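The values are calculated or read from the model by the stated rules, or taken from the named source; none is laboratory data. All figures in this text were calculated on a predicted structure; none of them were measured in a lab. Methodologically, a virtual Cβ is constructed for each residue, glycine included, from the backbone with ideal geometry; neighbour enumeration extends over all protein chains shown. The accessibility values were calculated without ligands, DNA or RNA, using every heavy atom of the protein model including side chains. Shrake-Rupley method; radii C 1.70, N 1.55, O 1.52, S 1.80 Å.
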Amino acid sequence: MHPVRRQRLIIVAFIVVGASAAATLIFRALSDNMNFFYAPAQIAGGEAPTGRTIRVGGLVVPGSLKRAESGLDLAFRVTDNRAELEVDFRGILPDLFSEGKGVVAVGELMPGGRFKAAEVLAKHDENYMPPEVHEALKKGETAGLAATGGDDDVR
Amino acid sequence: MYVELGHFALILGFGLALTQALLPMLGVMRGLRSWTQAAGALACGQFVFIAISFACLAHAFLIDDFSVRLVATNSNTLLPAWYKFSAVWGNHEGSMLLWLLILAGWSSAVAVLATELTQDMRARVLSVMGMIAVGFHLFVLFTSNPFLRSFPNVPQEGRDLNPLLQDIGLVMHPPMLYLGYVGFSVTFAFAIAALWSGRLDTAWARWSRPWTTAAWMFLSVGITLGSWWAYYELGWGGWWFWDPVENASFMPWLAGTALLHSLAVTEKRGLFRSWTVLLAILTFSLSLLGTFLVRSGILTSVHAFATDPARGSFVLAFLGVVVGGSLTLYALRAPQSSGPAGYSWLSREAALLGNNVLLIVSMATVLLGTLAPLLVSALDMGRISVGPPYFNLMFVPLMSVLAVVMGVGPLLRWRESSAGGLRGLLVGPIGFSLAAGLIFPFVYRGHWHGGAAFTAGLAAWLLSTLFAGLRQRLRERGGVQALPRLGSAYWGMVVAHIGFAFCMAGAALTSIYSDERDVRMSAGDEVTLSGYVFSFLGTRHVEGPNYSAERGEFTARSEGSTRVLHLKAEKRDYHSQMGNVMTEAGISPGFLRDLYVSLGEPIGDGSWAVRVHHKPFVRWLWIGGVLMGAGGLLTLFDRRYRRARAPASVPVTAGAVA
């Protein structure tokens, strides 16, 4: 082969190998860190995996917030008006967390069906509803099942 | 009345923008001098009318005119006056008006300051900026009109500005950020004008460089302010969340930084011309993408305003027109060859190429991580979010390599450097960085930490190579007396690179060494964290101008020291709405560490949920950001920009790449 062509071929091969290695690494990193969102009804239906970081969300069921006697352990329930999910959390809740309002929790589903949250998010704007929660609630509404409260928050 | 006046001024501004887009363009095409000459006056006129419109809106906020719907939903009589003013841009509609004002401001700045441009070139640039303005005018007038009234049911009281936005950081953050975002429209307009005229020469690069630097400077400061605000105001000690909207501002910054450096190559050596144009288009497109992501609310973000699909589709369509149009023009007109000049792999061109590749790859990873949720959702594969570990995993290696290249780059010469000379220059920095890295963890904490050692080594590398570069320059120019003659562009580069070293070290070290704990505390309780004893003295009630608060008082002292620091953390309840509660952290700032306390909720029996943090080196992040901005500012004061008023044959000073 002509030396110039040979050199070019080497460069091209190098770029192709380098780029595909980089792309593989990036996509692996991405897929390892994708956190899927599940509505309480999907979790009740057994769709969500355990032992992997996922996000859940819905409205906080009024009156469901329970705190431990000592320490910072607490638990509450979220609903999409179709099913409810028990969420355990240790730490400090965000300021805009309140019963009857939308919330998103990041964490893992435990084998017993409870959700262990590492992080609880409520939004800056008290009128803002995370799109996932909004969608989940809409599904809940169209399913035509009895609402458990907080319906007026659905926009 | 004045509200309608503001609305009317806005419409007149739109008319002028339309004229600014069309008249100079036709003038250039037909060779009508009087039409091309009008560009400057039209730009200034547009600015004046938008300023009037903005002033009217600000007036409505200041006098609590709740008949204006925007004021009623975003202000309140109890709000202190300066927050009433900043409330103008604390909402979607007002912030878009601010965007327009800044865009018109940049246009008139070009009209007034860019006197070295040929008349045709100026007309082209202003025409392109006029087209951008037309797009945003339509957006404001049709989807986001700030002047809508709510007659006849005028509310007695406004709903208030979100308490999180009632803060000095948020008074300054959006205008700075917008000055940066929108500033890149100038660079974009220069690039399009150059493609249009078919003259993509070094003069074009010389003209657009100061504008790019100015926009980059504002964007750097804007992002820094945002991070600082999030740190103290969100109350939980985070300084960067890889939130889609943060990414939206970070992507143009990464692309803009690449552009800044590739413009240097284009100006000095006439190389990378097509690439530079492409970067200019990319940077502004990313600014628009950022706008789309923020305004459409399609991504789950802490920043999202209440959403409106019409706005999202409008910005998306506009983005499509801008990107599609400019790329088509690029395809038709981009220069085919980069000219005759070559360069070796050991040259400043090569180092800057490395800089560009690394920054663009970084930008692409952020883009992928930000848009992946949209793609997955569009493919109906579920709703996802991409966690911060992805971004951290990508950024740590990329930024490390970038830091290594960044150390070598300024030491290299254009065209070709001798390997021997470079080796001589690098011996000192290599030794110093190794030593600094090996020693740092032991000195700081008494035990080894690989990541901290690596970070300290890289920071030492950046500083020592800058020092080596300074010595080399002085030796070549005849010793220390040459110090004042090095030029402020060179010093700008030095300061900005030191800023990067601070940012990098701050980000890495605070991630490595920070410690936090959530505890349940009653008055009199103590908790020890990273060698500091925090005591909770109790809470007392305080009244603010528009809120009442429980103020938790804490003391902190270093174990074995008697100096006592006082921290005051608040839980505020804003009067305007029930349950509008906000956490105000108590911070004891320091160069080497912050102590940070925030009050969670009261938990029965008089005790509180409390979070205490020890955050070493966190302040270096913002010191670094400010230094980068200062570096940009210094560069703008370089001789060659002041002399630019002289005829176009200004000799190019052998300044540094900033």
So what's the back-of-envelope 222 nm ellipticity for chain B, counting only DSSP H runs of four-plus at -39500 (n - 2.57) apiece and dividing by all residues, rounded to 500? -22000 deg cm²/dmol
Which whole-Hz ³J(HN,Hα) couplings does segment B:268-278 yield from phi under the Karplus relation 6.51 cos²θ - 1.76 cosθ + 1.60, θ = phi - 60°, glycine and proline marked x? 6, 10, x, 9, 6, 5, 5, 4, 5, 4, 4
Take the cross-link list A:66/A:139; A:101/B:571; A:66/B:568 and give me the ones stretching past 32 Å between alpha-carbons. none
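Based on Cα coordinates alone, diagonalise the gyration tensor for segment B:345-384, multiply each eigenvalue by 5, take square roots, and list the semi-axes in whole Å, largest first.
On the way: eigenvalues 249, 8, 4 Å².
For segment B:345-384, the ellipsoid semi-axes come out as 35, 6, 5 Å.
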Which ³J(HN,Hα) values, rounded to whole Hz and listed in residue order, are derived for segment A:81-94 from phi using the Karplus coefficients 6.51, -1.76 and 1.60 in 6.51 cos²θ - 1.76 cosθ + 1.60 with θ = phi - 60°, glycine and proline given as x? 6, 10, 9, 10, 9, 7, 10, 9, 8, 10, x, 10, 7, x
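Provide, as a two-decimal number, the C-alpha radius of gyration of segment B:27-119 over 2.2 N^0.38 Å, N being how many residues it has. Intermediate values should be presented prior to the final figure.
Values: Rg = 17.7 Å, N = 93, 2.2 N^0.38 = 12.3 Å.
Output field value: 1.44.
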Can you list residues from other chains, or at least 5 along the same chain, whose modelled amide H is less than 5 Å from the amide H of residue B:525? B:536
Leaving out ligands, DNA and RNA, and with a 1.4 Å probe, what % of the accessible surface on chain B is carbon or sulfur? 67 percent
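Just the number, please: buried accessible area between A and B, total of both chains, 1.4 angstrom probe, nearest 100 square angstrom.
Details: alone 9880 and 26650 Å², together 33280 Å².
So the total buried area for this chain pair works out to about 3300 Å².
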Per the Kirkwood formula over distinct C-alpha pairs, the hydrodynamic radius of segment B:536-624 in angstrom is 14.3 Å
In order over segment B:621-638: 3J(HN,Hα) from phi, Karplus 6.51/-1.76/1.60, θ = phi - 60°, whole Hz, x for each Gly or Pro, gives 4, 7, 4, x, x, 5, 5, 4, x, 5, x, x, 4, 4, 4, 5, 8, 5
Potential lengthening between residue B:381 and residue B:112 on full extension [0.36 nm per residue; Cα-Cα distance subtracted]: 91.6 nm
Only counting protein heavy atoms at a 1.4 Å probe, give the residues of segment B:585-609, ordered by number, whose accessible area falls by 20 Å² or more when the other protein chains are present relative to the chain alone. B:601, B:603, B:609
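Which whole-number percent of Cα pairs in segment B:61-102 have a distance greater than 14 Å? Show your work: numbers first, answer last.
Numbers: 351 of 861 pairs.
The answer is 41 percent, as a whole percent.
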Once amide H atoms are placed 1.01 Å from N in the peptide plane, what residues at a sequence separation of 5 or more from residue B:548, or on another chain, have their amide H within under 5 Å of its amide H? B:573, B:575
To check my understanding: the extent here is largest minus smallest coordinate of the Cα atoms along each principal axis. What are those three numbers for chain B, in Å, largest first? 81, 75, 55
From the mean inverse distance of alpha carbon pairs (Kirkwood) and the Cα radius of gyration, derive Rg over Rh for the protein assembly as shown. 0.97
At least 10 Å² of accessible area lost relative to the chain alone, listed for segment B:378-414 with a 1.4 Å probe: B:381, B:383, B:384, B:385, B:386, B:387, B:389, B:390, B:393, B:394
Residue among B:107, A:71, B:194 farthest towards the positive dipole end of the protein assembly as shown, charges placed on Cβ: B:194
In nm, to one decimal, how far is the residue B:540 label point from the residue B:374 one, both placed 7 Å along Cα→Cβ? 5.2 nm
Counting only residues 5 or more places away or on other chains, whose amide H sits under 5 Å from the amide H of residue B:600 once H atoms are built in the peptide plane? B:609, B:610, B:611
Just in segment B:563-599: which trypsin sites (Lys or Arg not before Pro) are loop by DSSP and have at most 10 other Cβ atoms within 10 Å? B:563
The protein assembly as shown, accessible area per residue, ligands and nucleic acids excluded (1.4 Å, Å²): 41 Å²
Can you tell me the order of A:75-84, B:462-471 when each peptide is scored by its average per-residue count of other Cβ atoms within 10 angstrom, highest first? A:75-84, B:462-471
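Using only atoms on other chains, find how many Cβ atoms lie within 10 Å of each Cβ of peptide B:368-374 and report the average. Mind showing how you got there, number by number?
Numbers: counts 5, 5, 0, 0, 5, 5, 0.
What the average comes to for B:368-374 is 3.
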